[in-house]
Amino acid sequence: MVENFTKSGWEKFDLSLKTKISTLVKGYNLYEQFLTDYTHACKRYCADCCTCNLTMTTLEAYYLVENLILKNKSGLLTKLNNSPHRRFQPELTFNRIASLCAQGKDVPEEQSDPSWGKCPFLEKLECVYYHFRPFGCRCMVSKRCCSETGFAEMDPVVMTVNDVFMQFIEHLDTGGYSGNFTDVLHLMSDEKNRNRYEKNSLQGQYGSLVSNIPIPVLMVPPEHRKKIEYILSSLNSFLIDKN
Ligand code: SF4
Ligand code: SF4
């Protein structure tokens, strides 16, 4: 289930915030390119997957908020006040789950239910900041329309690649936090917190957020290794190139 990945890029990642952001964007682009090999039913105005339960990292929230400010659209963040009170607030990050798996420990099940509510950034079935949406939104794809099936139907390789990107983005944001996107955005919409983040001094406990850790092992089933080798080496090279 898990794979040791010991190339230097995954271990050494002392990057500036600017480089982390450009690496994040490279990752988003690589993922988009990867998806072109698969057929999905996803299309404009299809938004059953836009629920209040999505998660994100502080790096992605920083990228999103800074871009909203640049485009004079930071007022959109007031929509956070419309977030359903009950939402998925994970107790573990992807790399913490990988670490438990590597130690042969059980991973506690966490509850998440789409009926808890819609994403507050969904307006007339469209995302108000689509271009800057976090990976948790980008990786919601389905072979068949979710409104017909009631769930997203994903190719197992796509699911593995989703996990790898989640692990990669958390790794890139080591020292930052993960959590429900509403909670992470609340934190990063505060200028003081963004300033602390820029100085690498966002420390302590922030409500339900969980601190990010580097990749301990990658969650890649052996039968998918060959198929996704180019993804792993591309992500690794994004890190190595900048070290
Ligand atoms: S994941 Fe499902 S609901 Fe979301 S866009 Fe694709 S088909 Fe539509
Ligand atoms: S942020 Fe945008 S893409 Fe993501 S769930 Fe909300 S409306 Fe959908």
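Would you please name the residue that is nearest to ligand 2 (Cβ to nearest atom), looking only at residues in segment 119-133 that are over 16 Å from Met56 (Cα atoms) and outside any loop (DSSP other than H, G, I, E, B)? Steps first, answer last, please.
Going residue by residue through segment 119-133, those that are over 16 Å from Met56 (Cα atoms) are 122-126, 128.
Those still in the list that are outside any loop (DSSP other than H, G, I, E, B) too: 122-123, 126.
Values: Leu122: 4, Glu123: 8, Glu126: 8 Å.
Across segment 119-133, the extreme among qualifying residues is Leu122.
Checking Gly136 against (1) in contact with a Leu (Cβ under 7 Å, 6 or more places away or on another chain); (2) in a helix (DSSP H, G or I); (3) away from ligand 1 (no atom under 16 Å from the Cβ), which test does it fail?
(3)
Would you confirm whether any residue within segment 224-235 is on the phi < 0 side of the Ramachandran plot, surrounded by fewer than 16 Cβ atoms within 10 Å (Cβ to Cβ) and touching a strand residue (DSSP E or B) at 6+ places or on another chain (Cβ under 8 Å)?
Checking segment 224-235: at least one residue is on the phi < 0 side of the Ramachandran plot, surrounded by fewer than 16 Cβ atoms within 10 Å (Cβ to Cβ) and touching a strand residue (DSSP E or B) at 6+ places or on another chain (Cβ under 8 Å).
Looking only at residues that are assigned to a loop (DSSP other than H, G, I, E, B) and closer than 20 Å to Asp173 by Cβ in segment 90-104, which one is nearest to the chain's Cα centre (by Cα)? Quick ask: steps written out before the conclusion?
Filtering segment 90-104 for residues assigned to a loop (DSSP other than H, G, I, E, B) gives 90-93, 103-104.
After this cut, where a residue has to be closer than 20 Å to Asp173 by Cβ as well, the list is 90-93.
Working: Pro90: 12, Glu91: 15, Leu92: 13, Thr93: 10 Å.
In this case the residue turns out to be Thr93.
Taking the stated definitions as given, is Ser178 surrounded by 15 or more Cβ atoms within 10 Å (Cβ to Cβ) and outside any loop (DSSP other than H, G, I, E, B)? First the steps, then the outcome.
Numbers: surrounded by 15 or more Cβ atoms within 10 Å (Cβ to Cβ): yes; outside any loop (DSSP other than H, G, I, E, B): yes.
The answer is yes for Ser178.
On the basis of being among the acidic types (Asp, Glu), crowded, with 18+ Cβ neighbours inside 10 Å and more than 10 Å from ligand 1 (Cβ to nearest atom), does Asp173 make the cut? Reasoning before the result, please.
On the way: among the acidic types (Asp, Glu): yes; crowded, with 18+ Cβ neighbours inside 10 Å: yes; more than 10 Å from ligand 1 (Cβ to nearest atom): yes.
Yes: the conditions hold for Asp173.
Rundown of residues vs (1) surrounded by 15 or more Cβ atoms within 10 Å (Cβ to Cβ); (2) closer than 21 Å to Glu170 by Cβ, yes/no style:
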{"position": "Tyr28", "(1), (2)": "yes, yes"}
{"position": "Tyr31", "(1), (2)": "yes, yes"}
{"position": "Leu54", "(1), (2)": "yes, yes"}
{"position": "Thr57", "(1), (2)": "yes, yes"}
{"position": "Leu68", "(1), (2)": "yes, no"}
{"position": "Lys73", "(1), (2)": "no, no"}
{"position": "Leu76", "(1), (2)": "yes, no"}
{"position": "Leu80", "(1), (2)": "yes, no"}
{"position": "Phe88", "(1), (2)": "yes, yes"}
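Any residue in segment 151-162 that is out of contact with any Lys or Arg (no Cβ under 7 Å at 6 or more places or on another chain), without any contact (Cβ under 8 Å) to a residue 12 or more places away in the chain and surrounded by fewer than 17 Cβ atoms within 10 Å (Cβ to Cβ)?
Yes, there is a match, as at least one residue in segment 151-162 is out of contact with any Lys or Arg (no Cβ under 7 Å at 6 or more places or on another chain), without any contact (Cβ under 8 Å) to a residue 12 or more places away in the chain and surrounded by fewer than 17 Cβ atoms within 10 Å (Cβ to Cβ).
So Val107 clears everything in (1) in a loop (DSSP other than H, G, I, E, B); (2) touching a Pro at 6+ places or on another chain (Cβ under 6 Å); (3) not acidic (Asp, Glu) except one condition, right? Which one?
(2) is the only condition that Val107 fails.
Out of everything in segment 28-52 that is within 13 Å of ligand 1 (Cβ to nearest atom) and in contact with a helix residue (DSSP H, G or I) (Cβ under 7 Å, 6 or more places away or on another chain), what residue ends up being nearest to Asn180 (Cα to Cα)?
Of the residues in segment 28-52, the ones within 13 Å of ligand 1 (Cβ to nearest atom) are 35, 38-51.
Of the ones still in play, those that are also in contact with a helix residue (DSSP H, G or I) (Cβ under 7 Å, 6 or more places away or on another chain) are 38, 48-49, 51.
Values: Tyr38: 28, Asp48: 18, Cys49: 15, Thr51: 11 Å.
Among residues in segment 28-52 that are within 13 Å of ligand 1 (Cβ to nearest atom) and in contact with a helix residue (DSSP H, G or I) (Cβ under 7 Å, 6 or more places away or on another chain), the one nearest to Asn180 (Cα to Cα) is Thr51.
A short reminder: the numbers here are calculations on the coordinates, not readings from a lab. Please read these numbers as outputs of a predicted model, since none were measured by experiment. Every residue, glycine as well, gets a Cβ built from its backbone with ideal geometry; the counts of neighbours run over all protein chains shown.
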